[in-house]
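*Asks:* The structure's right below; bear with me while I get my questions together.
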């Protein structure tokens, strides 16, 4: 399976994110336990609040589908989802993803 970088752009509703964050993190933990969520977390210091998720999936469509039940998405806290295949090639973690380069 391939690795996909999934970029969330959040809405301005930071109070909603604060309230929903425990359920959001629990959902991402479930995906991690299934081997789908390799790593995820908020983006810091950029012009727009958002997050990066590295997901293992067979296709970009499947990666996006994994986010559809994320409480942040269900509550309308994500304005945009962008999915791009990522091919880790270099660095100490590159081999940890077990993908064909």
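*Asks:* Within region 71-92, can you find the residues that are surrounded by fewer than 13 Cβ atoms within 10 Å (Cβ to Cβ) and free of Cβ contacts under 8 Å to residues at least 60 places away in the same chain?
*Replies:* If the condition is that a residue be surrounded by fewer than 13 Cβ atoms within 10 Å (Cβ to Cβ) and free of Cβ contacts under 8 Å to residues at least 60 places away in the same chain, then 89, 90, 91, 92 are the ones that fit.
*Asks:* Restricted to region 24-41, and to residues that are in a strand (DSSP E or B) and free of Cβ contacts under 8 Å to residues at least 40 places away in the same chain, which residue is surrounded by the fewest Cβ atoms within 10 Å (Cβ to Cβ)?
*Replies:* Filtering first and then ranking leaves 41.
*Asks:* What pairs can you find where one residue is in region 52-70 and under 12 Å from residue 1 (Cβ atoms), the other is part of a helix (DSSP H, G or I) and at pLDDT 95 or above, and their Cβ atoms are less than 6 Å apart, with a gap of 6+ or different chains?
*Replies:* 55/63; 55/66; 57/63
*Asks:* Against the definition (free of Cβ contacts under 8 Å to residues at least 40 places away in the same chain and surrounded by 10 or more Cβ atoms within 10 Å (Cβ to Cβ)), how does residue 95 come out, yes or no?
*Replies:* Yes; evaluated as a whole, the condition is true for this residue.
*Asks:* Can you pull out the residues in region 68-98 that are more than 17 Å from residue 49 (Cα to Cα) and in a helix (DSSP H, G or I)?
*Replies:* Result: 74, 94, 95, 96, 97.
*Asks:* Within region 1-18, track down each residue that is surrounded by 14 or more Cβ atoms within 10 Å (Cβ to Cβ) and out of contact with any helix residue (DSSP H, G or I) (no Cβ under 8 Å at 6 or more places or on another chain).
*Replies:* 1, 2, 5, 7, 9, 11, 13, 16
The values are calculated or read from the model by the stated rules, or taken from the named source; none is laboratory data. Predicted model only: the values in this text are computed from it and were never measured. So basically every Cβ, Gly included, is an ideal-geometry build from the backbone, and we count neighbours across all protein chains shown.
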